[in-house]
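First up is the structure itself, then whatever we jot down about it.
Derivation of every value follows stated rules applied to the coordinates shown; laboratory data play no part. Just so it is clear, the structure is predicted and the values come from calculations on it, not from any experiment. Cβ sites come from the backbone with ideal geometry, for glycine too, and all protein chains shown count toward neighbours.
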Amino acid sequence: MPATRRAGAGGNNSEPNWAKAHAVLAPAFTKSAMADYHAAITGTVRELTDLWSTTPEWTDVPATTNKLTFEIIARAGFSHSFGSLADSNSGSFVEAMVRELAYANRRTDVLPLFDKVFRRADHARHEADLAHAHAVVDNIIEARKHDSHRRYRDILDLMLDSADSETGERLDTVNIRNQILTFLIAGSETSANTIAFALHYLSTRPDIAAGVRAELDERWPTAEFPDIRYDDVAKLRSLRRVIDETLRLWPTGPGYFRRAKRDTTLCGRYRFAQKDWVLVLLLGAHRDPAWGHDADQFNPDRFLPDNIRGLPPRVYKPFGTGPRACIGRQFAHHEIGVTLAALLHQLDLEPDPAYDLDVRETLTLKPAGLRLRARRRRR
Ligand code: HEM
């Protein structure tokens with residue numbers, strides 16, 4: 001999610017709700033916890049692959065990958081399906097969330113009072129959407145509380161069952177609802193647009209796609225849908241370089257804020273008074289001269305071990321840094337890896353010859369207007 005616009009961006013790490021939720025949720029986002037979500041991720045990705053392989057028309061890529069990642073979080077995190085990939089109707093909740101994201105994006109430069117007075121219709125729609133989103137999520141939480149089986153091994157169970165190891169406190173219902181909405185927002189567009197950017201490069205650079213497919217075919221030589229095991233994903237090194245390079249060139253959360261704890265001077269030149277904000281613009285760091293003269297080009301080979309060895313440590317931070325860094329980083333890598341592996345193994349992706357990459361910032365960076373035509377891969 002764009003840290004530049006997230007609620008509480010750069011907020012106080014000792015803020016009680018953040019600290020409490022963070023302590024409870026951390027185990028749900030370790031690498032090993034991903035194994036529990038793997039089946040939900042591969043199942044959802046398979047639905048997308050089936051959908052694209054039977055859609056002869058051009059597909060709006062960011063719109064569809066957004067539905068995919070939204071659905072993955074819902075299924076893996078809360079064992080709930082919104083039916084987002086059932087193409088004809090993504091359901092009122094998903095539509096309300098999409099409108100909320102657009103509203104939040106439009107509102108960032110507007111004073112709340114202006115919004116209430118001069119954009120009444122917009123504001124009323126927003127209030128209704130928010131109330132609807134709250135009601136839907138509250139129902140999911142209530143249903144789970146009254147579910148006698150309660151062995152889902154998902155993030156919702158964790159939030160309901162765990163207590164903070166130091167204080168013994170549990171998360172209250174409003175905090176759980178906010179966490180669910182945060183995951184749905186923070187964890188969907190960022191991953192979705194990363195997948196979309198990667199598909200843009202893979203479809204327009206057949207040389208790079210061929211390298212990734214060779215790696216996939218070595219592991220899954222037949223035409224059937226690949227039996228992707230949890231451990232396989234981390235071994236797909238060529239694919240991983242494509243993902244790393246995509247996040248370098250277009251970090252979908254393009255920056256994050258931090259606030260000075262005390263008066264300070266950075267690099268001997270930049271003075272900050274206590275409580276001044278600084279925006280760390282990843283788009284700048286990721287094109288730092290340290291990356292070489294071709295920093296604006298897509299070249300996954302720059303992530304070969306020999307090539308990254310000499311890089312300064314702070315020029316690559318697509319998931320932020322420190323205690324506030326992205327909690328969903330492993331989750332993101334896993335779902336993006338599974339998605340790209342399955343799509344490339346199963347489908348040929350035809351780029352639109354008229355398309356020039358058009359990067360827009362909505363809540364995240366996205367390749368606006370990107371469309372592809374997919375068909376079953378010819379071997
Ligand atoms: C490619 C995908 C993703 C990118 C590029 C990304 C990027 C980021 C960035 C830059 C931040 C701010 C970090 C900071 O201030 O240092 C952040 C925060 C966050 N991300 Fe992600 N993210 C991604 C996927 C996810 C996923 C899949 C989830 C959840 C399943 C998630 C959940 C969060 C949450 C909850 C925060 C707020 C962390 C906090 O304040 O404790 N993100 N993300």
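If the segment from D301 to W277 were pulled out straight at 0.36 nm per residue, it would be longer than the present Cα-Cα gap by 5.1 nm. Panel values: the stretch 239-299, Kirkwood radius from alpha carbon pairs, Stokes-Einstein at 25 °C and 0.890 mPa s, translational diffusion coefficient 183 µm²/s. In terms of overall dimensions, the chain has a Cα radius of gyration and Dmax of 21.1, 62 angstrom.
Exceedance of the 28 Å cut-off in Cα-Cα distance is limited, within the set K235/K317; K67/K261; K20/K317; K20/K235, to K67/K261; K20/K235. With the charge dipole of the chain set up from +1 on Lys and Arg Cβ and -1 on Asp and Glu Cβ about the Cα centre, the Cα lying farthest toward the positive end among the listed residues Y152, L283, I243 is that of L283. Using a Gaussian network model of the chain in which every pair of alpha carbons under 10 angstrom is joined by a spring, one finds that among A143, A198, A332 the greatest mean-square fluctuation is at A143. If you plug the beta carbon distance of L357 and R262 into 1/(1 + (r/R0)^6) with R0 = 41 Å, you get a FRET efficiency near 0.45. Scanning the chain for GluC sites (Glu not before Pro) that sit in a DSSP loop and have at most 15 other Cβ atoms within 10 Å, the longest stretch containing none of them is 225-379.
Of R241, R229, R373, the sequence from fewest to most neighbouring Cβ atoms within 10 angstrom is R229, R373, R241. When only the Cβ of Lys, Arg, Asp and Glu is charged (+1, +1, -1, -1), the dipole of the chain relative to its Cα centre reaches about 920 debye. Neighbour counts of other Cβ atoms within 10 Å put L48, L283 in the fewest-to-most order L283, L48. Listed by Cβ neighbour count within 10 Å, with the fewest neighbours leading, R309, R125 appear as R309, R125.
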